[in-house]
Amino acid sequence: MSFLKRFQHHRVYRRLVLSYLLLITLTIAILCTILYSLFSSRAVKEIDQSSREMLSQVSYTADVVYKQVEDISYQLINDNRIVSFMYSKTENKQDNYNAGLLLSTVQSMYPFISNISLYNLVTGAYIDVAGLPEDPAVRTHEKSRYLAFYPDRVTRSGGNPMRVLRFVVVPEYALIASPKSLIVLDLQESYIQNTMRSISSVFDDANNFVVDGKGNVLSHSNPEHFMKDFSNLEEVQTILKSNDAEGSFVRKIDNKKQLVTYVKSPSLDWNFISVRPYDQLLSNIYQLRNWTLMTAVLLLVIGIALSLFVTGNFYNPIKSLVDKVSEHRQAGLGPLLKLDEYKLLTEAFDSTLENARSMESSLSRSTEMITNNAMFEMLRGGLDKLSTSAESVKTWRDRLTAPYLGVVLLRVDSYRAYKDNHTAFDRRLFRFAICNIAQEMLGKSYKNDVIMMEDDEIVVVLQTERPEWDGAIYLILSEIQESVRAYYKLSLSASIGDMCGLLEELRGSYQTACDYMEYRMFVGHGAILDAGIAVNRAASLDRYPSSVERKLIESIKLCHLKEIQEETDHWISLMQKCETPALAVQYTRFLFTAIVREFESITEWWNVGPDEMYAAINEVLHAETLEDVRKQLAGFGQRLVSMIEEHRNNAAILKNTRLIEQVKDMLQDKYAEPTLSLEWVSEQVALSSGYVGKLFKSVMGMSFNEYLTHVRLERAKTMLAESSITVAQIGERVGIHNVSYFTTLFKKKYGVTPSQIRDKA
């Protein structure tokens, strides 16, 4: 019962037992199958070889018989008594008697010969030993060969049928065209069959037969098949088509599996064939198979017992571990049913390993963070202001062992756009990737440590044996910039700080790198900056360019965009000549301040807040290059021009609208006067009639006269519906005194005549 409970409730134990059972079962099955296959295959080969040897012996016997037939024919041809009979031109009883005695003597010496007969084709004489009647077919049989044969059935004088293989000897086949005599020897067909049966007497159901080259049966274990044509049988066709002297194959004949063995006799053109039932061949093998199965079952029972024993011993350590884990994990929950021990142990071990890895990773990250934070504080505040432990300082002293140290500063270009387009998480990933690229590429030539300072800033501390930077550093920084641009579509600027020899002096190298990075304002994005950029710079602008400021303000007032662009470019070219980037930013802020003050009072009338104007001044502080400054300055000027033009357009539109409203009021009041015209209205508003006509059409979408006609006809339509006065009177009251013209205008506009409108009303 303990075994059954353990097998039912413990998955690993169950798998172990089943695995051992499966392994033992497969091993026994494979071993028994291989042994049985080898034994059966070997038995079939032995039987096949035995059949071939039997057929070869029969074939050899047939060849010997055929040789003896040839010898007998030669003996008879060379005997005077036979020659006297065969070549006698007249029948002679004495010759017949002498020849008959000789034939009897010869026949008695060869038991396989049932009869010998002689034919004299000239006299028609015929003698034989067995007293068989003359066979007419002999005289007409083919005589082109010396020795030919064919199967035949003959009947003795007592009425007993006999199957023979008749050999016909033509003595003169090579001398004359028409032979004069024949010698016929009849071979007993049963002699061949008895020979085959005596050699192969083990299998009772075997079919042994002989066929010639055309498939005709010359001898068969079943006498009924004698002289039958077997050429249509599939197995006979296979043998006749084969070029091998002997062979065998397995074929289904009459829905039974048969082993077909054959041997060919080239001298006789005979095929000796044996067909044996396949199941009889393996009768002993089947008995062996039964014993094999019994042995396999016995081994399986022994294997089950061994598997249970081995599994129990193997499972005990696992059970001990499972019990310990179960006590800690499921204390008080009772026994576990259908427990997966491997899963339980795996989870326990994985949990332990995960905790260990997590602690190790946390410790490593914490240590690295503390170490980097120490360097961060050193670079920003100096070693004397370091608030971290002395252990971090010692760690950096142990790392920085080279005689010379230096700082390389990497900064992301267009930082504001970069920050707006990417989340904080994405920016951390980009920064991590840039750190890896920089550390890997610089690591080929320099021992280095990477410190992430700010969101857009990465610092690399390099160690070198030389007191000056070599040309390799510039090539490597170019490769870093190209890699970051290719992989992440980010532009990167780099600055190289001055060399130092001590850890305490590393802050100075960082400060110089930051100072050189400011010259990105003049060089542009993607620059590599070093001490040479400040030393070799030729500054020629010694004071603020106020003349350019005045021209730019005047261009904005006049709304000349082209001049604004030219003055902006001129300003940028002057800023390029400043001694330091800070001076260029300061001058540009002065320019923005002057422009804001110039237009501050005007923009207040346009409901533009002062914060929007002064925000442009602060934007200059975020400019990284002079190109950024140019875009900000040009954009600010264009914004002011747009506000000026918008105000002007709005004022003109308001003035024109008021004028047209005044004209429309005049038309509503004076429409009944027939003399009302564009010229009269233009005089009233003190403008030319052409200007008023064009302005009226641009605002109203129709000409002055079209609008006047519209007002008059709308008023007439109202009168037709509300009064009973005549159409002519209504036309006069709206300023159209010609009734026909009034009716034409009315119908053209409304599609009906005034009278029809009145009738509908």
Q) Which pairs break 23 Å Cα to Cα here: Lys557/Lys577; Lys67/Lys228; Lys45/Lys67; Lys489/Lys577; Lys670/Lys717? A) Lys557/Lys577; Lys67/Lys228; Lys45/Lys67; Lys489/Lys577
Q. How long is the gain from Cys559 to Glu457 if the chain were fully straight, where each residue apart is worth 0.36 nm and the alpha carbon distance is subtracted?
A. 32.6 nm
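Give me Trp291, Trp270 ranked fewest to most by other Cβ atoms within 10 Å of their Cβ, as a rough exposure proxy.
Trp291, Trp270
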Q. Loop-only check: which chymotrypsin sites (Phe, Trp or Tyr not before Pro) in region 700-761 are DSSP coil with at most 13 other Cβ within 10 angstrom?
A. none
**Q.** J(HN,Hα) series, region 728-743, from Karplus relation 6.51 cos²θ - 1.76 cosθ + 1.60, nearest Hz, glycine and proline x
**A.** 5, 5, 5, x, 5, 5, 9, x, 10, 8, 8, 5, 4, 5, 4, 5
Q. What does the charge add up to near Asp71, with Lys and Arg as +1, Asp and Glu as -1, over the other residues with Cβ less than 14 Å from its Cβ?
A. -2
Q: Arrange Val275, Val64 by Cβ neighbour counts within 10 Å, fewest through most, would you?
A: Val64, Val275
**Q.** Cut-off 19 Å (backbone N to label point 7 Å along Cα→Cβ of Asn536), residues of region 452-485
**A.** 468-479
Q: Taking H placed 1.01 Å from N in the peptide plane, check which residues at least 5 places from Ile253 or on another chain put their amide H under 5 Å from its amide H.
A: Gln258
Q) Say each of Ala721 and Asp449 gets a label point 7 Å from the Cα, pointing the same way as Cα to Cβ; how far apart are those two points in nm? A) 9.4 nm
Q) Given R₀ = 41 Å, FRET efficiency for Arg42-Lys228 by Cβ-Cβ distance, to 0.05? A) 0.70
Q.
As an exercise, find the ratio Rg/Rh for region 671-760 from alpha-carbon atoms, using the Kirkwood inverse-distance average for Rh.
A. 1.04
**Q.** Asn216 long-range amide H proximity, modeled H, under 5 Å
**A.** Phe230
Q | Protection-proxy order for peptides 690-696, 633-639, 162-168, each taking the mean of Cβ atoms within 10 Å per residue, highest first | A | 162-168, 633-639, 690-696
Q) For Glu504 and Thr25, FRET efficiency with R0 = 60 Å and r from the beta-carbon atoms, rounded to 0.05? A) 0.15
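Read-outs: derived from the displayed coordinates by stated rules, not from any lab. Note that the coordinates shown come from a computational prediction; the quantities given were computed from them, not determined experimentally. Here Cβ is always computed from backbone atoms with ideal geometry, including for glycine, and neighbour counts include all displayed protein chains.
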